[in-house]
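Read through the structure below, which is laid out as structure tokens, and then see the notes.
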Amino acid sequence: MSELLQQTNRGFYCPQGDFHIDPHRPVDRAVVTHAHTDHARWGSRRYLAASPSEHLLRMRMSPEAEFQFADYGQTISIGGVAVSFHPAGHMLGSAQVRLEYRGRVEVVTGDYKLGSDATCQSWQPLRCHLLVTESTFGLPVYRWPDQQSVFAAINQWWRDNREREQCSVLYGYAVGKSQRIIAGLDPEIGPIYCHGAVEKGNEAYRQTGVHLPPTMHTAKAEKSQRWAGAMVVAVPSAHGTPWLKRFGKTSTAMASGWMAIRGPRRRRSFDRGFVLSDHVDWPSLLAAVDACDPETVWVTHGYTAVVARYLKDKGRNAISLDRWQRSASDQEDREADTNGEEQSE
Amino acid sequence: MKLFAELYQLLDSTTRTNAKISAMVDYFGRADAADAAWAIHFLSGQKLRRLVPTKLLRQWAAEEADIPPWLFEESYSSVGDLAETISLVVPEQQLETTGSLREWVEDRLQVLRGMDEEAQRKIVTDIWRQNPAHVRFVILKLITGAFRVGVSKRLVTRALAEHSGISAEVIAHRLMGTWTPTPESFLRLSNPDIGDAVASQPYPFCLAHAIDRDSNPNELGNFSDFAAEWKWDGIRGQLIRRNSQTFVWSRGEELMENRWPEVEAAAALLPSGTVLDGEILATQADGIVLPFAQLQRRINRKNIGRKLLLEVPVVFHAFDLLEQDEKDLRPLPWQERRNRLQQLMSQVQHPQLKITDLIPAECWEDWAKTRTQSRERHSEGLMLKRVDAAYDVGRVRGTWWKWKVEPYTIDAVLIYAQKGHGKRSNLFSDYTFAVWKGDQLVPFAKAYSGLSNSELRKVDRFVRQNTTEAFGPVRSVQPELVMELAFEGLQASTRHKSGIATRFPRITRWRHDKGAKDANTLDDVLDLLPKSSSGDTP
Ligand SMILES: [Zn+2]
């Protein structure tokens, strides 16, 4: 039986149901895996997404957009195709999209990770004929450390900075990563302040029912605020800008999967790098493919050729897909551009 | 070992000098003498000789990680560092590292050399299995001889001074020469009571600062506060005569034994307890200094034949007197040392030992005029020295200045690019440049440095979008970008396609204003060749 999904210049398209998944250009009907801007793009007429992403999507998308939300596991029929969302573990509301039509099952993971996350539901394996998986960190050098040890290290770093009368500035992607970090912070150590973009994300998380320790927008702090000992969670693009001046003596750190490698860690001269990613690492990518046990794997977003070749070596039918809107050379740029701010982390 | 790996992490994760020093001071305070000695050895840039071929390490790592060799190579090319790649791909087991740095180096690592492959493999893979990734990384750096951690010897010296309470100058002096990493050496290093100067021990070299090529030496102050000499392109050396023995040290603090027999013969005429600072230069009998290319024929040659000795005679051009009658003269002003040097040299008559000429002047402009003759004399420009200054340790600003002539510059076209290493492993940052020969572009220089980070990114993007062909790691690109390259020297060469070998090429600016057609020609380059060196170099 032929595939339900095709790769087009707008993204993945299902002709049977006449809808796109995470289209990069405006379409009539978009099924969206999660609220990161490189997956949920402006301009389409109708959007379908998982219910827990509602507050985040409404915060980020145009108010004119028409939304429909479905709970995890709930089936919606579009042109005879049974469409359902299943937790992807990437961030709040992130979903894998499962399509079923005449006994054939195809799954698009979107961005995903395995293991637990206090701010979202965990990824679940879905048996399927075709699995479309991301490969942002699809090299065997990426093996994530246990997250409890990472949070312990972050809190210890914060404590040490407090002892030295410094303000801790921790960078993470505004939505998703930052809230996961905040949920792991120990509010006993000191006050937690957030960059505006992060604080907006916090509100959407809280509205969805995710418990986060108390935080405050940095702009709402008193003029006389003493920042020594405080934690500021900010977006990576703030690094090295005058915005940081107000905090006085700071120690800076970045939380990202890219921090596993010494080069990116040193290139942007953060004082610390914490390895914390919301994408699958090498072992969990392989484990996920095995658990879903598809006939065919399409590999997107990242080290596509490497992962496809490895899976083929292991006897699985795998194809490397380069994203349509990105030329092969841009794909390399993405690898080179490990500074974290453009990354969908 | 654990402590040393932690020290490495601390040093590696900060760019702040004070943080680095305090990390080292802390380490020296906690480590025992044997470990501290090895730490100094590695921190100051000394390496173990390669213990295991990297080819084998790669192979074993792939097998330990249970990945095919091609995937290991993909990982290596993405990470850009072998030790790091191995420590990342081999699965980590939660085990504690045991053993001191000394035990590791002497009992576990150095014994690897000379073992057969199977025995090596067993030991190395056991090391990987029994240590956490950050320790493995440091151990692998030691095994591969690629240990580098961004501290200079000067910084190590400062940390040791702080640790021991002894002045940095004394520590620097004690660290020079053939310092062996033993506990005794470390204790001697930090012992305040030791007055024994080892006969061979040189003084730390005083280094000069460069005057920017566009700036004016007027800003240094009154010209009469300075003396000027030619700046030669040779081998900086310290000539020591003590206890009827002669030692010649290079600036890299390497003892050059039997390399300059004629200089050693001349040194025998010096009174005991004499130390000269100077430049070793290939020099004709009539006193004319030969280009560096000639001297190069004698460098890196273990055995120097009679023929070569005749063809390329060298002379030690002394410009400073650091020790006389076993007394350290360094605190004296330059003028006083110079007077004594003059007197000493007038008593020692030997053609292979000369005192440098001072260049007379009535004002700065006189020197500026003389400086324009530098290239004809195979000199790099002028050295300016403050007449009232002591002989400083290291690169202290303000006492010695090098006022070089402008380097040769050529506008060339970028034709090949390759990814760099380490920090630049993801960027196309190593370039080959070409000049025109008729309607053909002939490659003639490779350059790695000179662009800003943002320019590097732009070129990187250009390379990715304009690759015409890829052979191995090298990309051939559309010939569009023109850069100005500067060289310290050029020489004729039959080994290069262009017929020219370049010395220290670097990018001085990106000529956005020029297209490929406007780049220089090979004839332009040949015109720059020093006349006397063209055609007679091997
Ligand atoms: Zn994402």
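The values are calculated or read from the model by the stated rules, or taken from the named source; none is laboratory data. Since the model is a prediction, treat every value here as computed from it, not as a measurement. Here the Cβ positions follow ideal geometry from the backbone for every residue, glycine too, while neighbour counts run over all protein chains shown. Accessible surface areas use protein heavy atoms only, side chains included; no ligands, DNA or RNA. Shrake-Rupley method; radii C 1.70, N 1.55, O 1.52, S 1.80 Å.
Within the range A:247-263, which residues are without any contact (Cβ under 8 Å) to a residue 40 or more places away in the chain and within 10 Å of another protein chain (Cβ to nearest Cβ)? Across the range A:247-263, the qualifying residue is only A:Arg262. Where helices (runs of 4 or more DSSP H) fall wholly inside the range B:139-200, the ranges with 3 or more residues that are modelled with pLDDT of 85 or more and surrounded by fewer than 17 Cβ atoms within 10 Å (Cβ to Cβ) are B:183-189. Of all residues in the range B:457-483, those being away from every other protein chain (no Cβ under 14 Å) and buried (at least 17 other Cβ atoms within 10 Å of the Cβ) number 4. The residue that is modelled with the highest pLDDT, counting only those in the range B:278-300 that are part of a loop (DSSP other than H, G, I, E, B) and in contact with a helix residue (DSSP H, G or I) (Cβ under 7 Å, 6 or more places away or on another chain), is B:Arg298.
If you go through the range A:62-114 one residue at a time, how many are hydrophobic (A, V, I, L, M, F, W, C), surrounded by fewer than 22 Cβ atoms within 10 Å (Cβ to Cβ), in contact (Cβ under 8 Å) with a residue 24 or more places away in the chain and not in a loop (DSSP other than H, G, I, E, B)? Outline the logic, then answer.
Step one: filter the range A:62-114 for residues hydrophobic (A, V, I, L, M, F, W, C), giving A:65, A:67, A:69-70, A:76, A:78, A:81-83, A:85, A:88, A:91-92, A:95, A:97, A:99, A:105, A:107-108, A:114.
Restricting the remaining residues to those that are surrounded by fewer than 22 Cβ atoms within 10 Å (Cβ to Cβ) gives A:65, A:67, A:69-70, A:76, A:78, A:81-82, A:105, A:114.
Now restrict to residues that are in contact (Cβ under 8 Å) with a residue 24 or more places away in the chain: A:76, A:78, A:81, A:105, A:114.
Checking the rest, the ones that are also not in a loop (DSSP other than H, G, I, E, B) come to A:76, A:78, A:81, A:105.
Total meeting the criteria: 4.
Annotation for the range A:96-108: no member residue is small (Gly, Ala, Ser) and within 24 Å of A:Trp282 (Cβ to Cβ).
Can B:Thr85 be described as within 14 Å of another protein chain (Cβ to nearest Cβ), assigned to a helix (DSSP H, G or I) and touching a Ser or Thr at 6+ places or on another chain (Cβ under 7 Å)? Yes, satisfied.
Quick test for you: out of A:Ser53, A:Ser94, pick the one residue that is within 16 Å of the ligand (Cβ to nearest atom), small (Gly, Ala, Ser) and more than 18 Å from A:Leu126 (Cα to Cα).
A:Ser53
Among the residues of the range B:405-417, just one is open to solvent by 60 Å² or more (accessible area, probe 1.4 Å) and modelled with pLDDT under 90, namely B:Glu406.
Scanning the range B:333-354 for residues that are out of contact with any Phe, Trp or Tyr (no Cβ under 6 Å at 6 or more places or on another chain) and surrounded by 20 or more Cβ atoms within 10 Å (Cβ to Cβ) yields B:Trp334, B:Arg337, B:Arg338, B:Leu341.
If I filter the range A:121-136 for residues that are open to solvent by less than 30 Å² (accessible area, probe 1.4 Å), within 16 Å of the ligand (Cβ to nearest atom) and within 14 Å of another protein chain (Cβ to nearest Cβ), do I get at least one hit? Within the range A:121-136 (the criterion being open to solvent by less than 30 Å² (accessible area, probe 1.4 Å), within 16 Å of the ligand (Cβ to nearest atom) and within 14 Å of another protein chain (Cβ to nearest Cβ)), the answer is yes, since at least one residue qualifies.
For the range B:92-117, a tally of residues being of a type in the set (Gly, Ala, Ser) and touching a residue at least 24 places away in the same chain (Cβ under 8 Å) returns 2. Annotation note: Cβ proximity below 6 Å between a residue of the range A:264-282 that is farther than 30 Å from A:Tyr310 by Cα and a residue that is within 16 Å of the ligand (Cβ to nearest atom) and in a loop (DSSP other than H, G, I, E, B) (sequence gap 6+ or interchain) occurs for no pair. Considering only residues in the range A:300-317 that are within 14 Å of another protein chain (Cβ to nearest Cβ) and open to solvent by less than 50 Å² (accessible area, probe 1.4 Å), the one that is modelled with the lowest pLDDT turns out to be A:Gly302. Would you check if B:Glu64 is within 14 Å of chain A (Cβ to nearest Cβ), surrounded by fewer than 20 Cβ atoms within 10 Å (Cβ to Cβ), of a type in the set (Asp, Glu) and assigned to a loop (DSSP other than H, G, I, E, B)? When the stated conditions are applied, B:Glu64 does not pass them.
Mind checking whether some residue in the range A:322-335 is modelled with pLDDT of 95 or more, among the acidic types (Asp, Glu) and open to solvent by 40 Å² or more (accessible area, probe 1.4 Å)? The answer is no; no qualifying residue exists.
Scan the range A:152-207 residue by residue and report those that are small (Gly, Ala, Ser) and in contact (Cβ under 8 Å) with a residue 24 or more places away in the chain.
A:Ala153, A:Ser168, A:Gly172, A:Ala174, A:Gly176, A:Ser178, A:Ala183, A:Gly184, A:Gly190, A:Ala197, A:Gly201, A:Ala204, listed by residue number.
Scoring A:Met59 on the criteria (1) more than 16 Å from the ligand (Cβ to nearest atom); (2) more than 15 Å from the chain's Cα centre (by Cα); (3) of a type outside the set (S, T, N, Q) leaves a single failure, condition (1).
Residues in the range B:358-375 that are without any contact (Cβ under 8 Å) to a residue 12 or more places away in the chain and either outside any loop (DSSP other than H, G, I, E, B) or touching a His at 6+ places or on another chain (Cβ under 7 Å) (or both): how many?
Within the range B:358-375, residues that are without any contact (Cβ under 8 Å) to a residue 12 or more places away in the chain and either outside any loop (DSSP other than H, G, I, E, B) or touching a His at 6+ places or on another chain (Cβ under 7 Å) (or both) number 3.
Here is the figure for the range A:1-35: residues that are more than 22 Å from A:Ile319 (Cβ to Cβ), assigned to a strand (DSSP E or B) and within 15 Å of the ligand (Cβ to nearest atom) total 0. Summed over the range A:36-48, residues that are more than 8 Å from the ligand (Cβ to nearest atom) and open to solvent by less than 60 Å² (accessible area, probe 1.4 Å) total 5. Each residue in the range B:432-454 was checked for being surrounded by 15 or more Cβ atoms within 10 Å (Cβ to Cβ) and either among the hydrophobic types (A, V, I, L, M, F, W, C) or more than 12 Å from B:Gly420 (Cβ to Cβ) (or both), and 14 pass. For the range B:125-138, give me each residue that is part of a helix (DSSP H, G or I) and in contact with a Leu (Cβ under 7 Å, 6 or more places away or on another chain). Correct list: B:Gln130, B:Ala133. The single condition among (1) part of a loop (DSSP other than H, G, I, E, B); (2) within 14 Å of chain A (Cβ to nearest Cβ) that B:Tyr391 does not satisfy is (2).
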